[in-house]
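A short worksheet on the structure shown next.
Bear in mind that the values in this text are calculations on the coordinates, not laboratory data. Keep in mind the model is a prediction, meaning the values are calculated, not measured. A quick note on method: Cβ atoms are made from the backbone with ideal geometry, for glycine too, and the neighbour counts reach across all protein chains shown.
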Amino acid sequence: MSVRSQSSEPSAATHRAGFACFVGRPNAGKSTLTNALVGQKVAITANQPQTTRHTVRGIVHRPDAQLILVDTPGLHKPRTLLGQRLNDVVRTTWAEVDVIGFCLPANEKLGPGDRFIAKELASIKKTPKIAIVTKTDLVDGKTLAEQLIAIDQLGKELGFEWAEIVPVSAVGDKQVDLLADLLVPLLPAGPALYPEGDLTDEPEQVMIAELIREAALEGVRDELPHSIAVVVEEMLPREDRPADKPLLDIHAFVYIERPSQKGIIIGPKGKRLKEVGIKSRKQIEALLGTPVFLDLHVKVAKDWQRDPRQLRKLGF
């Protein structure tokens with residue numbers, strides 16, 4: 001039986017602030033969910049697993065709370081040095097957050113990858129864990145019910161209880177607000193940690209590089225899923241422009257691993273690279289609220305995913 005202590009002040013007056021982290025297999029809908037909760041794009045999404053490489057923090061401002069979302073890469077069995085580093089990022093993050101949301105797609109039966117993560121979660125004793133069933137718009141009621149039962153069972157098998165099990169559809173905007181309502185009480189009481197209006201603490205250059213990488217992945221996902229890295233070398237306001245017509249010059253390099261991949265990215269007569277530039281420039285202008293001139297170049301960084309020196313240079 002649970003007993004609540006009577007507090008003299010109403011609970012509505014308690015402001016909470018803290019960190020929640022979404023985990024799950026690659027492509028489980030973590031970034032889409034982060035964007036839906038924040039109400040704006042702060043994490044890149046793509047149908048290719050392993051597109052998130054940076055810990056993006058999305059910030060949800062509410063009258064009663066500030067929820068800071070840490071979006072980690074999908075945990076997976078690493079095949080490269082980059083893969084190992086991404087896994088280390090995940091584990092470090094888990095140890096530091098107030099609540100963990102485990103994303104499990106409604107349209108895929110629980111598999112070895114989910115059990116692998118759940119087992120890791122079971123070893124983190126103190127942090128409350130919420131199971132978030134994503135992509136519910138893709139299944140019928142019976143399939144969803146079976147998935148909810150299987151997830152509940154998984155926790156029991158591993159000796160822990162989920163604080164909540166919540167079905168959501170970030171794309172259909174179903175139960176996203178409810179998820180926030182369930183996460184907030186699990187945060188510690190305290191004042192806001194970020195200024196009102198901030199949506200992420202990701203540096204602008206990193207976000208711009210991610211938008212370019214998302215656009216570059218668009219048509220070549222099957223051929224070059226993990227071989228693309230983007231570095232923004234320079235961002236400078238164009239000189240001698242009138243104050244009411246500013247222009248920001250952005251110079252960026254798209255790195256690939258082998259010379260043979262260069263043609264795939266550039267496309268016939270430079271068509272693909274031009275499309276990448278147009279698409280990402282629109283997104284960057286929306287993000288920064290200013291007109292942009294985007295200068296893109298493709299460079300080869302041989303086998304960068306396996307080379308510690310190159311990984312450092314590319315920001316990992």
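Using label points projected 7 Å from each Cα along Cα→Cβ, tell me how many nm separate I278 and A95, to one decimal.
Placing both labels 7 Å beyond Cα along the Cβ direction yields 4.8 nm.
Can you report the principal axis dimensions of region 204-313 using only the alpha carbons, biggest first, rounded to whole angstrom?
45, 31, 20
Select from region 124-186 those trypsin sites (Lys or Arg not before Pro) which occupy a DSSP coil region and have at most 12 other Cβ atoms within 10 Å, ordered by residue number.
Here the sparse-neighbourhood loop sites are K125, K126.
Taking the Cβ-Cβ separation of H61 and S260 as r and a Förster radius of 45 Å, what is the calculated FRET efficiency to the nearest 0.05?
Calculated transfer efficiency: 0.45.
Let me check against my output: what whole-number percent is the relative contact order of region 204-313, with C-alpha pairs under 8 Å and at least 6 apart? Show your work: numbers first, answer last.
Numbers: 160 pairs, mean separation 31.4, N = 110.
Taking the mean separation of contacting Cα pairs over the length of region 204-313, I get 29 percent.
Report, largest value first, the span of the C-alpha coordinates of region 240-300 along each principal axis, in whole Å.
Projected onto its principal axes, the Cα set of region 240-300 covers 44, 20, 17 Å.
Net charge around P291, counting only other residues with Cβ within less than 13 Å of its Cβ (Lys, Arg = +1; Asp, Glu = -1)?
After counting each charged neighbour, the total is +2.
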